[in-house]
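J.: One structure follows; several queries about it will come next.
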Ligand SMILES: [Zn+2]
């Protein structure tokens, strides 16, 4: 990050940009914060089990990291002559997929696939105010492991966390 900031500061065209014009860079850094733990958990899976799985875990983490970064190389050589704007869009979608995939992988490694599928498909929330069980609405705000959403029974908005999900 420090190196990138130093290099950006040396380029007059980039140095004159306002902070909010670095949104794409900020998004990429945030996705990196999720993707790298995803790679690391694969290596740790191998380290924990040892033997040939150690090799698969470490090699798997390295291969996945390479695959995540490979489109950056393709964009820099303008593979297929798509142009930088098209490659930038492809790269952003690609990175979001890696971020979502890593978040799912971390959830599965932590809680198991059955619990994750249950949380995503059939889980109900116990309202902290009226005590009714309700399906989570699409309308709501996600803040890490917390969510601000309305109860479909009493219509009151409240904060819920994983402990409120049945
Ligand atoms: Zn309620």
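Where a number appears in this text, it was derived from the coordinates with a stated rule and is not lab data. Since the structure is predicted, the reported quantities are computational estimates derived from the model, not experimental observations.
J.: Once you have a ≥ b ≥ c as the square roots of the Cα gyration tensor eigenvalues for the range 9-96, tell me rounded if a/c is under 1.5, and otherwise prolate or oblate according to whether a/b is larger than b/c. Could you put the intermediate results ahead of the total?
T.: On the way: a/c = 3.17, a/b = 1.96, b/c = 1.62.
Here the range 9-96 falls in the prolate category.
J.: Rounded to the nearest 500, what is the chain's calculated 222 nm mean residue ellipticity when only DSSP H runs of at least 4 contribute -39500 (n - 2.57) each, over all residues?
T.: Values: 6 runs with 102 residues, N = 166.
Per the formula, -20500 deg cm²/dmol.
J.: Among 107, 99, 144, which one shows the highest mean-square fluctuation when the chain is modelled as a Gaussian network with alpha-carbon springs under 10 Å?
T.: Of 107, 99, 144, the Gaussian network model singles out 144 as fluctuating most.
J.: So what's the angle, to the nearest 10 degrees on a 0 to 90 scale, between helix 52-76 and the longest Cα principal axis of the chain?
T.: For helix 52-76, the angle is close to 60 degrees.
J.: Please say if the range 54-124 is rounded, prolate or oblate, where rounded means a/c under 1.5 for a ≥ b ≥ c the square roots of the C-alpha gyration tensor eigenvalues, and otherwise the choice is prolate for a/b larger than b/c and oblate otherwise?
T.: Values: a/c = 5.31, a/b = 1.72, b/c = 3.09.
In terms of gyration-tensor shape, oblate.
J.: Specify whether the C-alpha gyration tensor of the range 123-164 places it in the rounded, prolate or oblate class, a ≥ b ≥ c being the square roots of the eigenvalues: rounded for a/c under 1.5, otherwise prolate if a/b is larger than b/c and oblate if not. Walk me through the numbers on the way to the answer.
T.: Working: a/c = 1.62, a/b = 1.35, b/c = 1.20.
The shape class here is prolate.
J.: So how long is each side of the chain along the principal axes, counting just the alpha-carbon atoms, biggest first, in Å?
T.: Result for the chain: principal-axis Cα extents of 58, 50, 32 Å.
J.: Helix 23-49 versus the longest principal axis of the chain: what is the Cα-based angle in degrees, 0 to 90, to the nearest 10?
T.: The two axes meet at around 80 degrees.
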